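A.B. asks: This is the structure I want to talk about, given as structure tokens.
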Amino acid sequence: MQTIKQHHFVTLPGTPLPLGVHLDRHGARFALFSRHATAVSILLFDSSQTQEYIEIELDPKLNKTGDIWHIWIAGIREGQLYGYKVDGPYQPLEGHRFNKNKLLLDPYAKAISGNHIWDFSKACGYSKGHIDADLSFSTDRNYKESPKCIVVDTEFDWYDRPIQTPMEDTIIYELHVKGFTFHPSSRVTHRGTYKGLSEKIPYLKQLGITAVELMPIQEFDEFENININPLTGERLKNYWGYSTIAFFAPKSTYASSGTMGQQINEFKEMIRDFHEAGIEVFLDVVFNHTAEGDHLGPTINFKGLENSIYYMLKENKRFYHNFSGCGNTFNCNHPLVRDFILDCLRYWVVDMHVDGFRFDLASILGRDQEGNILQNPPLIEKISEDPILRNTKIIAEALDAGGAYLIGHFPGRWAEWNGKFRDDVRRFWRGDNDTVFNFMQRIIGSPDIYKRTNRSPLHSINFITCHDGFTMLDLVSFNEKHNIANGENNQDGENNNISCNYGFEGLDAPPDIIKIRRQQIKNFFTTLLLSQGVPMILAGDEMGRTQQGNNNAYCQDNEISWVNWDRLQQFDDIRRFAELLIQFRKIHPVLRQKRFLSGTIEHGFTHPDCVWHGVNCHNPDLGYYSHSIALHLNGAYAKLTSGLPDNDIYIIYNASEYDLSFALPKPFNGSHWLRVADTSLQSPDDITLQGAPLLIQETYFSKKMSATVLISAMS
């Protein structure tokens, strides 16, 4: 590439804070952290991203305060492309990987150029297969091939208000921005984009969703995957996006309006649209690792700026701790990295109006700089207590690839993806032995996990399926994973899926098996939506979305992953059942308690707020071979949540292979029982919010593998 030397810019020393780039009326301030750099230059590129660039060298005597390099440049306007050239020691054994030949992204860049396929091969600077290649200094420049940062104007005409839905009223819907609308059957104008997602708000509103949780939208390289689909010969992608390259920048290719900064406004417009509909937006954020990989990975930003600070390094500092399973581990509890993460979260809340975050592999946030688990992790506490983030919802995936499983240990207002809910509910409905007691714990908010630390059911994010694993239809259709298309010889993905195909592997099963599967899906929805805690639904489960048995579709940017909206017609009974259950949950505060129900084993299964039963009243069967349980919720105690009494609710969960007759207790609050739902019945008799009368009030005949919901008729 050719440097343009004759161009002269008026510059001033600038200021060290805030970091990143900030426009004013006459130019822009640039500020970059690098402690061990010996020289820093800003490279300016025109919009055509040709081989020519303008280099502005920073004088360490004028343009450096402490570890911050800074400058003000006159005439810089919105849309300017830039990157950094940073020189310093290249000493991998000491943890330093400075290389002035590699164009670096600004960690605080708010937009990344997205009008071409990036090529990070030269960013690696080594020959594949050479295990010591990173010990040699690469002289290959990658300025042309690398993505560029974009100077943006962050002004926006906001007129929305924070929704702040109470946690007890929250119903989360996890989705992929592209995959939700990219299939032609979505019939949206802007398929696979932020704007296309806005077009589906009426559907989500009708379903009853109060919050969408977006899989990663912070900028990532979807072409970093080099594997080939052995079935089609096509190159696979990084479809999910759990490999961030720019934490402040929304994914450019998810924008329909353009990729040269327009993605910011389109993302904001989407947020505004959701808020107008009363729906919150959470982001799935990945602060546990970055796209730079291990010692042989590319140098994109952090490696070339301050490798020894941003990453957890082993005793031999050439190598990285890998608690993420992705090659490196972000050094989250280094004071400067903590500041970076907090700056990022605040930006998404203040500038982008995001309502909450789900933290991928969040146990890494609790590790010190050597990788040890901390008793009181400062970052986790700071996120919880930060005054700007105080009203956001924060959700942890309480594990990491290093073996840390910290469910129940995230303090304060942290909620957690409750993987034990997923597993115990799956085992119960599959008919496994010795599952009833754990199932009971899950449906009342997992007090065995959260009560001992003085927390509440609202800390439990309950789910049965998520992006990682089988969809709900596949959960009842496949005993084994079918991941050959991922190009890893079916070795990737979880082997223990706690699934069941009911005698036939695959979707095209006989009618009697299809009937059982649909019934089980309704059982799962009943359990999920009527349990204490916060329910999360995987996008498309209500319309029978399938991944054809693939339980690790991270690389499948195709019909395996996209939501096929034509399936709504085929699975309309499931969609209707889920929609009405959501309405039922919203109507009845007894299902949304802020405190734990007290009818536990310590109280003999009886307490004024709830009573456990078996086929005989007041006699729950917790035996090894038991597969059924019934729960009676006292509606009068709903006053603790809503201030108003509620109907009694009686739920029978019969996962056995036998029809069972359950003796019915009398309602505490009401005169007699009405049937709201019975998953063994066909639509529309399977659910009615008004309640269908029962001719017999003393017993209820529960069909095998079914759930039944009764409600008391108020006197």
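Throughout, read-outs are computed from the coordinates displayed, never taken from laboratory work. Predicted, not measured: the structure shown is a model, and the values here were computed from it. Ideal geometry is used to build each Cβ from the backbone, glycine not excepted, and the neighbour counts take in all protein chains shown.
A.B. asks: Which value in Å does the Kirkwood hydrodynamic radius of region 2-150 take, with 1/r averaged over all unlike C-alpha pairs and then inverted?
C.D. replies: Hydrodynamic radius (Kirkwood, Cα pairs) of region 2-150 is 16.1 Å.
A.B. asks: May I ask for the distance between the Cα centers of region 352-394 and region 439-463, given as a whole number of Å?
C.D. replies: Each part reduced to its Cα centre gives a spacing of 20 Å.
A.B. asks: Which option, (i) 36.9; (ii) 31.2; (iii) 44.5, is the value of mean projected area of the Cα convex hull in nm² that was calculated from these coordinates?
C.D. replies: (ii)
A.B. asks: Let me ask another. My understanding is that a pair violates if its Cα-Cα distance is over 20 Å; which of K122/K317; K393/K522; K85/K303; K100/K303 do that in this structure?
C.D. replies: Over 20 Å apart, Cα to Cα: K122/K317; K393/K522.
A.B. asks: Using the count of nearby Cβ atoms within 10 Å as a rough guide to exposure, how do I394, I560 rank from fewest to most?
C.D. replies: The order, fewest Cβ neighbours first, is I560, I394.
A.B. asks: Got a sec? How would T65, T290 order by Cβ neighbour count within 10 Å, fewest to most?
C.D. replies: T65, T290
A.B. asks: Would you mind classifying region 167-589 by shape? Square roots of the alpha carbon gyration tensor eigenvalues, ordered a ≥ b ≥ c; an a/c under 1.5 is rounded, otherwise it is prolate if a/b is larger than b/c and oblate if not.
C.D. replies: Judged from the Cα gyration tensor, region 167-589 comes out rounded (a/c under 1.5).
A.B. asks: I'd like the FRET efficiency for E488 and E234, computed as 1/(1 + (r/R0)^6) with the beta carbon distance as r and R0 of 22 Å, rounded to 0.05.
C.D. replies: 0.90
A.B. asks: List M472, M352 from most exposed to least, where exposure is judged by having the fewest other Cβ atoms within 10 Å.
C.D. replies: Listed from fewest to most nearby Cβ atoms, that is M352, M472.
A.B. asks: Which one, F410, P377, N391, is farthest towards the positive end of the dipole of region 367-415 when Lys and Arg carry +1 and Asp and Glu -1 on their Cβ?
C.D. replies: Positive-end residue among those listed: N391.
A.B. asks: Right, another one. Based on alpha-carbon centroids, what's the gap between region 87-115 and region 677-713 in Å, whole number please?
C.D. replies: Using only Cα atoms, the two centres lie 62 Å from each other.
A.B. asks: Hey, got the dipole for region 647-701? About the Cα centre, +1 on K and R Cβ, -1 on D and E Cβ, debye to the nearest 20?
C.D. replies: Using only the charged Cβ atoms, the result is roughly 220 debye.
A.B. asks: Can you give the calculated 222 nm mean residue ellipticity of the chain, where each DSSP H run of n ≥ 4 adds -39,500 (n - 2.57) and the sum is split over every residue, rounded to the nearest 500 deg cm²/dmol?
C.D. replies: My calculation for the chain gives -5500 deg cm²/dmol from helical runs alone.
A.B. asks: Magnitude of the Cβ-charge dipole of region 167-589, K/R +1 and D/E -1, about the Cα centre, nearest 20 debye?
C.D. replies: With only Lys, Arg, Asp and Glu charged at Cβ, the dipole is about 780 debye.
A.B. asks: Further, regarding this structure: Could you sort out which of K515/K666; K178/K481; K451/K481; K148/K237; K178/K382; K178/K703 sit more than 29 Å apart by Cα distance in this structure?
C.D. replies: K515/K666; K451/K481; K178/K382; K178/K703
A.B. asks: Relative to the present Cα-Cα distance, how much length would full extension add between A713 and L689 at 0.36 nm per residue of separation?
C.D. replies: Full extension from A713 to L689 adds 7.4 nm.
A.B. asks: Right, something else. About the Cα centre of the chain, how large is the charge dipole given +1 on each Lys and Arg Cβ and -1 on each Asp and Glu Cβ? Please answer in debye to the nearest 20.
C.D. replies: The dipole of the chain has a size of about 760 debye.
A.B. asks: Of N265, G304, L103, which is farthest along the charge dipole of the chain in the positive direction, counting Lys and Arg as +1 and Asp and Glu as -1 at C-beta?
C.D. replies: After comparing all options, I get N265.
A.B. asks: How tilted is helix 262-276 with respect to the longest principal axis of the chain? Cα atoms for both, answer in degrees (0 to 90, nearest 10).
C.D. replies: Relative to the chain, helix 262-276 is tipped by roughly 30 degrees.
A.B. asks: Separate question: Just to confirm the number: angle between the C-alpha axis of helix 572-587 and the first principal axis of the chain, 0 to 90 degrees, nearest 10?
C.D. replies: 90
A.B. asks: Restricting to Cα pairs below 8 Å that are 6+ residues apart, what does the relative contact order work out to for the chain? Please round to a whole percent.
C.D. replies: Across the chain, relative contact order equals 10 percent.
A.B. asks: Using R₀ = 35 Å, calculate the FRET efficiency as 1/(1 + (r/R₀)^6) where r is the Cβ-Cβ separation of F156 and F223; round to 0.05.
C.D. replies: It comes to 0.70.
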